[in-house]
Amino acid sequence: MLESLLVLGTVVAIALIGLVTVAMTPPLMVELGLWGLAVGLFIGIPTGWWYHVVLYRTLAARMALPRRWWRRPVELHPLLAPAEYQIVRPWFVAGALGFFLCLAGGVAAISGLLVLRFYP
């Protein structure tokens with residue numbers, strides 16, 4: 001069942017990408033991509049930073065954190081109690097959303113610029 005959903009999602013994504021490339025002009029693609037990148041940075045930087053602060057405060061109160069824990073903070077999630085995880089999770093999800101918007105916006109802007117550069 002999961003594999004079928006993955007295949008269906010991939011086919012839908014490819015179809016949507018094809019539709020967007022026909023319906024959207026390259027300059028519009030660049031502009032929307034840059035706006036997506038800006039919104040992603042606006043959301044992702046503060047929420048990602050606050051996620052690290054909340055995770056540190058939550059775990060440092062009862063244990064010594066490993067050196068350079070901030071490089072792989074997700075590995076510390078199993079150490080959180082369910083109530084603690086509920087406090088950390090919204091900031092984690094918001095930071096991940098900002099990161100995704102940055103990636104999607106950057107890819108859209110770069111794609112639009114490449115189309116403008118190589119297909120005048």
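The values are calculated or read from the model by the stated rules, or taken from the named source; none is laboratory data. Here the structure is a predicted model, which is why all the values come from computation and not from measurement. Because the Cβ atoms are built from the backbone with ideal geometry, glycine has one as well, and the counts that use them run over all protein chains shown.
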Those residues of segment 38-48 which are over 17 Å from ALA108 (Cβ atoms) and touching a residue at least 40 places away in the same chain (Cβ under 8 Å) amount to ILE45, THR47, GLY48
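With the structure loaded, tell me whether LEU65 is more than 26 Å from ARG117 (Cβ to Cβ) and of a type outside the set (Gly, Ala, Ser) or whether it fails that test. Show your work before the answer.
Details: more than 26 Å from ARG117 (Cβ to Cβ): yes; of a type outside the set (Gly, Ala, Ser): yes.
Taking the combined requirement at face value, the residue satisfies it.
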Qualifying positions in segment 62-120 - surrounded by 14 or more Cβ atoms within 10 Å (Cβ to Cβ) and of a type in the set (Asp, Glu)
GLU84
Based on this model, can you work out whether ALA109 counts as in a helix (DSSP H, G or I), small (Gly, Ala, Ser) and either at pLDDT below 95 or touching a helix residue (DSSP H, G or I) at 6+ places or on another chain (Cβ under 8 Å) (or both)?
yes
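Of all the residues that make up segment 4-37, how many are touching a helix residue (DSSP H, G or I) at 6+ places or on another chain (Cβ under 9 Å), under 13 Å from ALA104 (Cβ atoms) and modelled with pLDDT under 90?
First, the residues of segment 4-37 that are touching a helix residue (DSSP H, G or I) at 6+ places or on another chain (Cβ under 9 Å): 20-21, 24-37.
If we keep only those that are under 13 Å from ALA104 (Cβ atoms) too, we end up with 20, 29, 32-37.
Subset that is modelled with pLDDT under 90: 20, 29.
Qualifying residue count, segment 4-37: 2.
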Go over the candidates ARG89, ARG68 one by one and state the one that is on the phi > 0 side of the Ramachandran plot, free of Cβ contacts under 8 Å to residues at least 24 places away in the same chain and within 23 Å of the chain's Cα centre (by Cα).
ARG68
Does LEU103 meet the test of being assigned to a helix (DSSP H, G or I) and modelled with pLDDT under 95?
yes
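Give the residue, chosen from GLY48, GLY33, that is farther than 25 Å from ALA83 by Cβ and of a type outside the set (S, T, N, Q).
Values: GLY48 fails: farther than 25 Å from ALA83 by Cβ.
The match here is GLY33.
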Matching residues in segment 101-115 (touching a residue at least 12 places away in the same chain (Cβ under 8 Å) and over 12 Å from ALA38 (Cα atoms)) number 7
Kindly provide the set of residues from segment 1-60 that are more than 21 Å from the chain's Cα centre (by Cα) and either part of a loop (DSSP other than H, G, I, E, B) or polar (S, T, N, Q) (or both), ordered by number.
MET1, SER4, THR21, MET24, THR25, THR58
